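Have a look at the structure below before the remarks.
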């Protein structure tokens, strides 16, 4: 999917990085869906540049496993197979569990209050069935945990996995009842955190991430062949 208007240049950001960030955002938001073919010439026209910075940006995205470059076959947005999805979910569940465990040990009173408020916001959005507000509140909830855990190395790995799973997470989120279930899972995480029980909080986070995996498995079983591709 290509946009009709060229993206406006951003001051101080090199061309290659500007293009990479724009395409990364397109992948994350679903404007570029898994399996979509990527046309270098069309991208060069979109950004008003030669093919060289476009190619360099695509190489950067390939290094993040967001696109696949196959000689003589073309360039496509990476569409992970089920085994890869499972592997990423397992890794994300463990890393996010470490994040929240560290939060129980390191967060101060104000940080805990902020997480609790973001949790309440996700509950409110889920009750209303407001997907847009839920997504924003969910982002704030997890960001508060990342800030409070005090470990940038782990957070970087989590962010990369979440980016690679963006299309999958969006498809699961849209399933009936998933917002309400996810909001309830947030409550369990926060309960463990506020009780200063790191293992309880970590296990609640593992179950939260694993629930997404079960929801996706159900989606695969109920979907017609090919229906999930490009989710």
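The values are calculated or read from the model by the stated rules, or taken from the named source; none is laboratory data. Everything numeric here is computed off the predicted structure, so don't read it as measured data. Counting neighbours? That spans all protein chains shown, and the Cβs are built from the backbone with ideal geometry, glycine included.
Here are a few things to note about the model shown:
Table: residues versus (1) part of a loop (DSSP other than H, G, I, E, B); (2) surrounded by fewer than 19 Cβ atoms within 10 Å (Cβ to Cβ); (3) touching a helix residue (DSSP H, G or I) at 6+ places or on another chain (Cβ under 8 Å); (4) in the same structural domain as residue 207 (by TED's automatic domain parsing).
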| position | (1), (2), (3), (4) |
| --- | --- |
| 144 | no, no, yes, yes |
| 153 | no, yes, no, yes |
| 156 | no, yes, no, yes |
| 181 | no, yes, yes, yes |
| 188 | no, yes, yes, yes |
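- In the set 57, 42, 93, only one residue is assigned by TED's automatic domain parsing to the domain that holds residue 160 and modelled with pLDDT of 90 or more; that residue is 93.
Residues checked against (1) modelled with pLDDT of 95 or more; (2) over 30 Å from residue 210 (Cβ atoms); (3) surrounded by 17 or more Cβ atoms within 10 Å (Cβ to Cβ):
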residue: 73; (1), (2), (3): no, yes, no
residue: 85; (1), (2), (3): no, no, yes
residue: 99; (1), (2), (3): yes, no, yes
residue: 104; (1), (2), (3): yes, no, yes
residue: 107; (1), (2), (3): yes, no, yes
residue: 125; (1), (2), (3): yes, no, yes
residue: 129; (1), (2), (3): no, no, no
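- The single condition among (1) assigned to a loop (DSSP other than H, G, I, E, B); (2) modelled with pLDDT of 95 or more that residue 65 does not satisfy is (2).
- Single residue of 61, 43 found to be crowded, with 16+ Cβ neighbours inside 10 Å, touching a residue at least 12 places away in the same chain (Cβ under 8 Å) and under 21 Å from the mean Cα position of the chain (by Cα): 61
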